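To start, the structure under review is shown below, and the notes come after it.
The values are calculated or read from the model by the stated rules, or taken from the named source; none is laboratory data. Quantities reported herein were computed from a predicted structural model and do not represent experimental measurements. Ideal geometry is used to build each Cβ from the backbone, glycine not excepted, and the neighbour counts take in all protein chains shown. Remember, those area values only see protein heavy atoms, side chains included, never the ligands or the DNA or RNA. Shrake-Rupley method; radii C 1.70, N 1.55, O 1.52, S 1.80 Å.
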Amino acid sequence: MALAIGAEEEDARRYRDMAERLAPDFPGSARVFDAMAIEEDRHRRLLIDLFKEKFGDHIPLVRRDDVRGFVRHAPVWSMRNISVDGFRLDAATMELEAQRLYLKAAERATDPDVRKLLGDLAAMEAQHERRVEELEAEHLRESVRTEEDATRRRMFVMQVVQPGLAGLIDGSVSTLAPIFAAAFATQNSFSAFLVGLAASIGAGISMGLTEALSDDGVITGRGHPWLRGVVCGVMTAVGGLGHTLPFLIPHFWTATVVAGIVVLAELVAIAWIRWRYMDTKFHSAIGQVVLGGLLVLAAGIFIGSA
């Protein structure tokens, strides 16, 4: 019972920490977590009242960390990324753990009152998913859901799409000049492939570090820097490797034509992402990206042919 009291107190604090983190961007969801904290407080009071009746006023300090089998939850304050869905998954795990604890404890309890309370608490924990749905219906009305969905989309764009797009643009465009310069200078597919491989991997590492070290995400809310760095670095490498791999084809002109087709596909993909997530008009996006790509490609071909 001491463990259950400590767990309920910890869960209530955790819910309030979640609510505080979510309040600025997701006020409706924050109210749901606040209400869940009140539920945990009620469970804690029930446990304390029965504990005092059965065992006295002193409650030993027993935490989840003292018992094997519990999932370790990172402190809310240590989480850089604010994710409503992530917090909900975390909360579901907490409720499942509590239900399991009460069921196991009820099986071993010999005192009828203790057994009854633990069984009731297990049943309450099992009903928390329905309670969450009721709270969401109360606090997350249509206008609030629409606003939170817009915020979630904006955060996804800032934390994933934007660094990924920056990497894809850099990898697809900046590597064109060295790859095609090497291709036309040597007239050898494999030499162009090696240059492209080095340029793509080097650019991926450079862009990944640049993105990760340029903004820790605390002030701007752009998310964990290493997540953005990995996304940006991987997409940079992918952008360069896309038109590098065709140079594995031994015949030079065949490889060059295929690489050119891949370049066009990459530029169209970049334009589509800008249109889909950045609210850029598609014809404007395609014009800007294709023009920039063709200029870099022409520079590479010109230098390689000189």
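Judged by the mean number of other Cβ atoms found within 10 Å, the most tightly packed of the peptides 225-237, 194-206 leads the ranking 225-237, 194-206. Carbon-plus-sulfur accessible fraction, the stretch 165-306 (probe radius 1.4 Å, protein heavy atoms only): 76%.
With a Förster radius of 30 Å applied to the C-beta separation of D120 and D65, the computed FRET efficiency comes to 0.70. The listed residues E211, E20, once ranked by accessible area (1.4 Å probe) with the largest placed first, stand as E20, E211. What does the C-alpha gyration tensor say about the overall shape of the stretch 218-295? Classify as rounded when a/c is under 1.5, otherwise prolate if a/b is larger than b/c, or oblate. Because a/c hits 1.5 or more and a/b fails to exceed b/c, the stretch 218-295 counts as oblate. Figure note: W77, W272 ranked by solvent-accessible area, largest first, 1.4 Å probe, ligands and nucleic acids not counted: W77, W272. Using the Cβ-Cβ distance between I261 and I205 with R0 set to 30 Å, the FRET efficiency works out to roughly 0.65. Stretched out straight at 0.36 nm per residue, the stretch from A198 to A269 would grow longer than its current Cα-Cα span by 23.2 nm. Residue-wise HN-Hα couplings along the stretch 101-114, as the Karplus relation 6.51 cos²θ - 1.76 cosθ + 1.60 with θ = phi - 60° gives them from phi, are 4, 5, 5, 5, 5, 5, 4, 8, 5, 9, 6, x, 5, 5 Hz; Gly and Pro carry x.
In this label model, T254 and S214 are separated by 4.0 nm, measuring between points 7 Å along each Cα→Cβ vector. Packing around the peptides 31-43, 50-62, 100-112, 165-177, taken as the average count of other Cβ atoms within 10 Å per residue, puts them in this order, highest first: 165-177, 31-43, 100-112, 50-62.
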